[in-house]
Amino acid sequence: MNKLDHLIEISRHFGANPDYVIAGGGNTSFKTAETLWVKASGIALADIDEQGFVALSREKLGQMETRAYSPDPLQREEEVKSDLRSAMIGAGGLRPSVETSLHNLIEYPYIVHTHPTLVNAVMCADNAGEEIAERFGSEALYVKYTDPGYTLFKKLQERIAAYHNRHGRDPRIIFLQNHGVFVGAGTTEEVKAVYANIFSRIREGKNLALPDPVAKAYVSPLARDIAGWLAGRNLVSASYTGELIGHFCAGRENFKKISKPFTPDIIVYCKSNYLFLEKGAGSDSIRKALDDFHRVYGCDPKVIVEEGGGLILAEEDESSLRTVLEVFTDMMKISYLSEQFGGPHPMTDEQIRVIDQWEAEHYRRSVARNRGRA
Ligand SMILES: [Zn+2]
């Protein structure tokens, strides 16, 4: 038996279940006193094998906990990445997950971090803190939204240490507002039991039925008009309707509940602004709306809502288009279910701005790299 067998098994177990993992999100790890094995960035959990993990020196990761990094966030992320690279054991083209330092922080051998729809229905609701306190008491640590990366790492370091002082052990469950959950335990069977317990406690006393989320293709004059316009911009598009989609496309009030992203991941895949077009909008007003959108946000919308119709999604290729549908469907489910926990609580404008800036910078750098200049 190989020491990573259990890690591989649990990674596939959660990775293959869309209730836990969508669009390649989430990551897993196993640690001994000396070494941390963590999922590599860009590898899917569902069919991961030993090659999908990166081994890192825990001594070197530990040194990062006290090192002083640049106050400039982008500069700092570069420094952190470079330290992560030098903590890697053995060569290889893979990069460790950006959440690696968080995995090293929690004392338990097995860590499974996911963004489940049901958990995020609470994490992205107005009463997240109260609901968690009431349902989990001191069994879980609840952490308010913090910018991802080093800022989140520092905050967790402090909160976990404080929890440890009070309880004599690290928390097995760490809920992150507008993000997801970290679960840690000594064995993979315990990790599964903790997750089962989280799901059943969240469901307690709630009606969490959803309208049918299946997306069906639809056509309308407006959708056809927009598809033509998008094709002219070299984008592929598709239009969908269905029960869940129909609920949020019924009118502006319902659209408001999905008009801002709930998590940074949603911004990465769907961007942070979505376009609402009123029923019966004519060609001229559609074109004006699309031009205005481009002028204000500097990009074309990936998600367009036709009032009383459905969703029109746009992307650069078919596979990215499927991801946008998957991620935006999850966003609608989260919004719908969050009504049971006080109503939707999207990211704030300032939190969104930070991620938008990161995304723009990463895009600029990747374009520069592809041109061989950076
Ligand atoms: Zn995450």
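The values are calculated or read from the model by the stated rules, or taken from the named source; none is laboratory data. From a predicted model like this one, the values you see are computed outputs, not experimental measurements. Positions of Cβ are generated from backbone atoms using ideal geometry, with glycine treated the same way; all protein chains shown enter the neighbour counts.
Side notes on the structure shown:
- Tally, over the stretch 154-163, of residues that are free of Cβ contacts under 8 Å to residues at least 40 places away in the same chain, under 17 Å from E65 (Cα atoms) and out of contact with any Ser or Thr (no Cβ under 6 Å at 6 or more places or on another chain): 5
- Candidate set from the stretch 145-182 (those that are under 13 Å from E107 (Cβ atoms) and part of a strand (DSSP E or B)); member that is nearest to the ligand (Cβ to nearest atom): F182
- In the stretch 125-183, residue nearest to K260 (Cα to Cα) [restricted to those that are modelled with pLDDT of 95 or more and of a type in the set (V, I, T)]: T146
- Once the stretch 15-30 is narrowed to residues that are of a type in the set (A, V, I, L, M, F, W, C) and more than 13 Å from the ligand (Cβ to nearest atom), the residue that is surrounded by the fewest Cβ atoms within 10 Å (Cβ to Cβ) is A16.
- Cβ-Cβ under 7 Å pairs, at least 6 apart or on other chains, the stretch 165-188 side of a type in the set (K, R), far side within 15 Å of the ligand (Cβ to nearest atom): R172/V183; R172/G184
- In the condition set (1) surrounded by 14 or more Cβ atoms within 10 Å (Cβ to Cβ); (2) not in a helix (DSSP H, G or I), D212 is compliant with all but (1).
- Yes/no for E243 being surrounded by fewer than 14 Cβ atoms within 10 Å (Cβ to Cβ) and within 30 Å of P171 (Cβ to Cβ): no
- Unmet criterion (only one of (1) modelled with pLDDT of 90 or more; (2) within 20 Å of Y110 (Cα to Cα); (3) surrounded by 16 or more Cβ atoms within 10 Å (Cβ to Cβ)) for V80: (2)
- Every test in (1) hydrophobic (A, V, I, L, M, F, W, C); (2) crowded, with 18+ Cβ neighbours inside 10 Å; (3) over 22 Å from E361 (Cα atoms); (4) touching a strand residue (DSSP E or B) at 6+ places or on another chain (Cβ under 7 Å) is passed by M331 save one, and that test is (4).
- Matching option when the condition is more than 16 Å from the ligand (Cβ to nearest atom), touching a residue at least 12 places away in the same chain (Cβ under 8 Å), surrounded by 22 or more Cβ atoms within 10 Å (Cβ to Cβ) and over 23 Å from F328 (Cα atoms), among I89, I132, I111: I132
- Some residue of the stretch 95-103 being surrounded by fewer than 22 Cβ atoms within 10 Å (Cβ to Cβ) and modelled with pLDDT of 95 or more: no
- When E306, E318, E350, E278 are checked against the criterion of being outside the structural domain of T146 (by TED's automatic domain parsing), touching a residue at least 40 places away in the same chain (Cβ under 8 Å) and surrounded by fewer than 19 Cβ atoms within 10 Å (Cβ to Cβ), a single residue qualifies: E318.
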